[in-house]
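Participant: Just passing along the structure, written as structure tokens.
The values are calculated or read from the model by the stated rules, or taken from the named source; none is laboratory data. Everything numeric in this text was worked out from a predicted model, so none of it was measured. When we count neighbours, we look across all protein chains shown, and the Cβ atoms used for this are built from the backbone with ideal geometry, even at glycine. These accessible areas exclude ligands, DNA and RNA; they are computed on the full protein's heavy atoms, side chains included. Shrake-Rupley method; radii C 1.70, N 1.55, O 1.52, S 1.80 Å.
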Amino acid sequence: PNGLTTLVYTDHTVPTIFVGVWYKVGSKDEPVGKTGFAHLFEHLMFQPTVNRPTEYFPPLEAVGATGINGSTTADYTNYFQTVPANALDRALWMEADRMGHLTDGMTQALLDEQRAVVKNEKRQNELGPGRSAEAQFLKGYYPAGHPYGHTTIGSMEDIDAATLEDVKAWFDANYGASNAVLVLSGDIDVQTAREKTAFYFGGVRQGEPISRPDRWTPSFADIRRDIVYENLPAAVISRTWPLNNGSPRDNTMLQLAAKAMARGRGTPLHDALVENLKIADGVSADQVLDRLLDKVAIPA
């Protein structure tokens with residue numbers, strides 16, 4: 001009734017269950033001046049709540065959970081773990097608890113701690129190979145104001161400026177049950193999943209409907225080329241074409257074509273450039289499926 005969507009996949013081969021929650025909010029949903037908020041909040045979701053005095057990891061590790069983590073993209077933020085089947089109740093309670101009550105126990109000290117962690121991640125990422133090229137690509141590929149026009153980790157200034165009230169408002173606006181998808185995969189049946197999900201998540205607030213862009217495909221009157229210099233002992237050439245994501249069938253065909261063209265040894269582009277001509281260390285092609293648009297990218 002609160003709008004939570006639950007997907008169940010049954011596989012009794014191994015007595016474990018993957019538990020994941022996808023929130024339909026990412027860096028594309030950040031307003032001006034608040035870049036990096038989606039990723040910062042991902043870190044905060046592993047902090048104590050008013051009902052749980054420890055960080056998120058210890059109670060799950062104590063029952064044998066593995067793969068406890070989360071990630072942030074432009075389109076979504078997700079959290080996941082795999083637990084023994086007899087520990088499912090603990091995992092569901094903990095996910096429901098932080099979905100409903102995380103900010104009740106949020107403090108300035110916890111925000112400052114995770115802000116420092118995120119800033120260090122940002123420093124590490126921006127020193128890595130290819131990172132300045134990525135920022136240049138985003139700036140040139142997307143028009144001004146486009147939701148994908150900035151990096152997911154955001155700017156140092158915006159991260160520094162985040163207040164306790166800001167992150168609580170982000171939670172209130174985006175972390176309602178109706179903006180989430182729960183995935184249960186493994187040693188569980190649909191009826192059990194329905195009963196347990198209703199028990200643990202039934203009291204979580206629904207949240208308000210969220211207005212957001214639906215489609216925005218960049219257009220280019222001319223071919224655009226950028227050159228970015230970095231301290232690297234090799235050159236990387238990357239070509240990208242924007243695609244409208246209105247035709248799932250066409251995009252599926254393009255996904256298959258990209259994999260057939262350049263997905264490892266035995267595919268034409270790889271064999272021509274790497275094996276035969278020996279002018280590249282590697283080549284790949286992929287179609288990136290984003291919520292607002294799709295794109296085909298071929299780096300070599």
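Participant: For segment 41-70, enumerate the residues that are of a type in the set (S, T, Y) and open to solvent by 40 Å² or more (accessible area, probe 1.4 Å).
Facilitator: To start, the set of residues in segment 41-70 that are of a type in the set (S, T, Y) comprises 49, 54, 56, 66.
Selection gives T54, T66.
Participant: Any residue at all in segment 278-299 that is farther than 20 Å from H146 by Cα and in contact (Cβ under 8 Å) with a residue 60 or more places away in the chain?
Facilitator: Yes, there is a match, as at least one residue in segment 278-299 is farther than 20 Å from H146 by Cα and in contact (Cβ under 8 Å) with a residue 60 or more places away in the chain.
Participant: For segment 83-113, give me each residue that is open to solvent by less than 20 Å² (accessible area, probe 1.4 Å) and more than 30 Å from G186 (Cβ to Cβ).
Facilitator: T103, M106, L111
Participant: Another question, if that's okay. Take the residues in segment 259-285 that are among the β-branched types (V, I, T) and assigned to a loop (DSSP other than H, G, I, E, B); name whichever of them is most open to solvent (accessible area, probe 1.4 Å). Before the answer, list the steps.
Facilitator: Initial filter on segment 259-285 (among the β-branched types (V, I, T)): 267, 274, 279, 283.
Restricting the remaining residues to those that are assigned to a loop (DSSP other than H, G, I, E, B) gives 267, 279, 283.
Working: T267: 17, I279: 121, V283: 18 Å².
So the residue we want is I279.
Participant: Against the definition (open to solvent by less than 70 Å² (accessible area, probe 1.4 Å) and free of Cβ contacts under 8 Å to residues at least 12 places away in the same chain), how does P31 come out, yes or no? Outline the logic, then answer.
Facilitator: Numbers: open to solvent by less than 70 Å² (accessible area, probe 1.4 Å): yes; free of Cβ contacts under 8 Å to residues at least 12 places away in the same chain: yes.
Yes: the conditions hold for P31.
Participant: So, K139, is that one over 18 Å from the mean Cα position of the chain (by Cα), of a type in the set (K, R) and within 20 Å of W216 (Cβ to Cβ) or not? Walk me through it before giving the result.
Facilitator: Details: over 18 Å from the mean Cα position of the chain (by Cα): yes; of a type in the set (K, R): yes; within 20 Å of W216 (Cβ to Cβ): yes.
The answer is yes for K139.
Participant: Which residue pairs have Cβ atoms closer than 8 Å, lie 6 or more positions apart in sequence or on different chains, and pair a first residue in segment 99-126 that is among the hydroxyl-bearing types (S, T, Y) with a second residue that is part of a helix (DSSP H, G or I)?
Facilitator: As it stands, the answer is T103/V167; T103/K168; T103/F171; T103/D172; T107/L164, since those pairs meet every condition given.
Participant: When the residues of segment 184-194 are filtered to those that are in a strand (DSSP E or B) and under 8 Å from V8 (Cβ atoms), which remaining residue is least open to solvent (accessible area, probe 1.4 Å)? Write out each step before concluding.
Facilitator: From segment 184-194, those in a strand (DSSP E or B) are 184-186; that's our starting set.
Those left that are additionally under 8 Å from V8 (Cβ atoms): 184-185.
On the way: L184: 1, S185: 37 Å².
Taking the candidates together, the pick is L184.
Participant: Between P147, P143, which is in contact (Cβ under 8 Å) with a residue 40 or more places away in the chain and open to solvent by 30 Å² or more (accessible area, probe 1.4 Å)? Working first, answer last.
Facilitator: Working: P147 fails: open to solvent by 30 Å² or more (accessible area, probe 1.4 Å).
Exactly one of P147, P143 is in contact (Cβ under 8 Å) with a residue 40 or more places away in the chain and open to solvent by 30 Å² or more (accessible area, probe 1.4 Å), namely P143.
Participant: What is the number of the single condition among (1) open to solvent by 40 Å² or more (accessible area, probe 1.4 Å); (2) in contact with a strand residue (DSSP E or B) (Cβ under 6 Å, 6 or more places away or on another chain); (3) in a helix (DSSP H, G or I); (4) of a type outside the set (S, T, N, Q) that R239 does not meet?
Facilitator: Here R239 meets the rest and fails (3).
Participant: Something else about it: Restricting the search to segment 25-45, which residues are touching a strand residue (DSSP E or B) at 6+ places or on another chain (Cβ under 7 Å) and assigned to a loop (DSSP other than H, G, I, E, B)?
Facilitator: Within segment 25-45, V25, G26, M45 meet the criteria.
For every residue, the table says whether it meets (1) surrounded by fewer than 18 Cβ atoms within 10 Å (Cβ to Cβ); (2) over 20 Å from G145 (Cβ atoms); (3) touching a His at 6+ places or on another chain (Cβ under 7 Å).
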residue	(1), (2), (3)
L182	no, yes, no
G203	yes, yes, no
G207	no, yes, no
F220	yes, no, no
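Participant: Could you grab me the full set of residues in segment 166-176 that are among the small types (G, A, S) and either surrounded by 22 or more Cβ atoms within 10 Å (Cβ to Cβ) or not in a helix (DSSP H, G or I) (or both)?
Facilitator: Step one: of segment 166-176, the residues among the small types (G, A, S) are 169, 173, 176.
Hit for segment 166-176 is G176, nothing else.
Participant: Using the structure shown, decide if R215 is of a type in the set (K, R), at pLDDT below 90 and either touching a helix residue (DSSP H, G or I) at 6+ places or on another chain (Cβ under 8 Å) or not in a strand (DSSP E or B) (or both).
Facilitator: Numbers: of a type in the set (K, R): yes; at pLDDT below 90: yes; either touching a helix residue (DSSP H, G or I) at 6+ places or on another chain (Cβ under 8 Å) or not in a strand (DSSP E or B) (or both): yes.
Judged against the criteria, R215 is a match.
Participant: Which of the residues that make up segment 150-160 are open to solvent by less than 30 Å² (accessible area, probe 1.4 Å) and either farther than 20 Å from Y76 by Cα or outside any helix (DSSP H, G or I) (or both)?
Facilitator: I153, G154
Participant: Would you point out the residue of segment 1-28, among those that are open to solvent by 60 Å² or more (accessible area, probe 1.4 Å) and among the hydrophobic types (A, V, I, L, M, F, W, C), that is farthest from the chain's Cα centre (by Cα)?
Facilitator: Result: V14.
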